[in-house]
Amino acid sequence: MKLLFDQNLSQKLTYRLTDIFPDSSHVQFHDLADKTDTEIWKFAKEHNFCIVTQDADFCERSRLYGSPPKVVWLRCGNATTREVETLIRAGTEAIQELLNDSRLHCLELH
């Protein structure tokens, strides 16, 4: 399961979650920090990433275009990195289901 963390999330998540999502990355590691949503979407699709974001735009895009890429939309507001990590860990099973079910395109985690 390859997750691509959006700019609005800490790079530290890639290291903190290696035990359950070992191939995860962050947009900054691919020079995507200043790129448009369309460019990030295209990169994620080409490299088989699931986008993890706090940005509603990616979820809307998945509703319009379907997947790939899949999207995990974190609805936790202004949370610490530890709180975001906890939310993702709690949602691991739901994320796995999202990635395995071709009928699903976006997952909202609260």
Matching residues, segment 85-103, being closer than 15 Å to Phe49 by Cα and in contact with a helix residue (DSSP H, G or I) (Cβ under 9 Å, 6 or more places away or on another chain) | Ile95
With the condition kept exactly as written, say whether any residue in segment 69-84 is out of contact with any helix residue (DSSP H, G or I) (no Cβ under 8 Å at 6 or more places or on another chain), part of a helix (DSSP H, G or I) and not small (Gly, Ala, Ser).
-> yes
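To keep it simple, each residue is scored yes or no on (1) touching a residue at least 24 places away in the same chain (Cβ under 8 Å); (2) at positive phi; (3) surrounded by 13 or more Cβ atoms within 10 Å (Cβ to Cβ); (4) polar (S, T, N, Q).
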residue: Cys76; (1), (2), (3), (4): yes, no, yes, no
residue: Thr80; (1), (2), (3), (4): no, no, no, yes
residue: Ala90; (1), (2), (3), (4): no, no, no, no
residue: Ala94; (1), (2), (3), (4): no, no, yes, no
residue: Asp101; (1), (2), (3), (4): no, no, no, no
residue: His105; (1), (2), (3), (4): yes, no, yes, no
Answer yes or no as to whether Asp19 is at pLDDT below 95, assigned to a loop (DSSP other than H, G, I, E, B) and out of contact with any strand residue (DSSP E or B) (no Cβ under 8 Å at 6 or more places or on another chain).
-> no
Glu46 under 23 Å from Arg16 (Cα atoms) and either surrounded by 13 or more Cβ atoms within 10 Å (Cβ to Cβ) or out of contact with any Ser or Thr (no Cβ under 9 Å at 6 or more places or on another chain) (or both) = no
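Within segment 47-56, is there a residue that is hydroxyl-bearing (Ser, Thr, Tyr), at pLDDT below 95 and either touching an Asp or Glu at 6+ places or on another chain (Cβ under 8 Å) or assigned to a loop (DSSP other than H, G, I, E, B) (or both)?
Among the residues of segment 47-56, not one is hydroxyl-bearing (Ser, Thr, Tyr), at pLDDT below 95 and either touching an Asp or Glu at 6+ places or on another chain (Cβ under 8 Å) or assigned to a loop (DSSP other than H, G, I, E, B) (or both), which makes the answer no.
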How about segment 76-95: which of its residues are over 19 Å from Tyr15 (Cα atoms) and under 14 Å from the mean Cα position of the chain (by Cα)?
-> Cys76, Ala94
Hey, can you tell me all the residues within segment 7-24 that are within 14 Å of Glu85 (Cα to Cα) and either in contact (Cβ under 8 Å) with a residue 12 or more places away in the chain or surrounded by 20 or more Cβ atoms within 10 Å (Cβ to Cβ) (or both)?
-> Asn8, Leu9, Ser10, Gln11, Lys12, Leu13, Thr14, Arg16, Leu17, Ile20, Phe21, Ser24
Condition set surrounded by 15 or more Cβ atoms within 10 Å (Cβ to Cβ) and of a type in the set (Phe, Trp, Tyr), scope segment 25-43, selection farthest from Leu107 (Cα to Cα): answer is Phe43
Selected residue [within 18 Å of Arg103 (Cα to Cα), in contact with a Ser or Thr (Cβ under 9 Å, 6 or more places away or on another chain), modelled with pLDDT under 95 and crowded, with 18+ Cβ neighbours inside 10 Å] from Ser62, Ser67 | Ser67
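The values are calculated or read from the model by the stated rules, or taken from the named source; none is laboratory data. None of the values given here were measured: they were computed from a predicted structure. Here the Cβ is made from the backbone with ideal geometry for all residues, glycine too, and neighbour counts use every protein chain on show.
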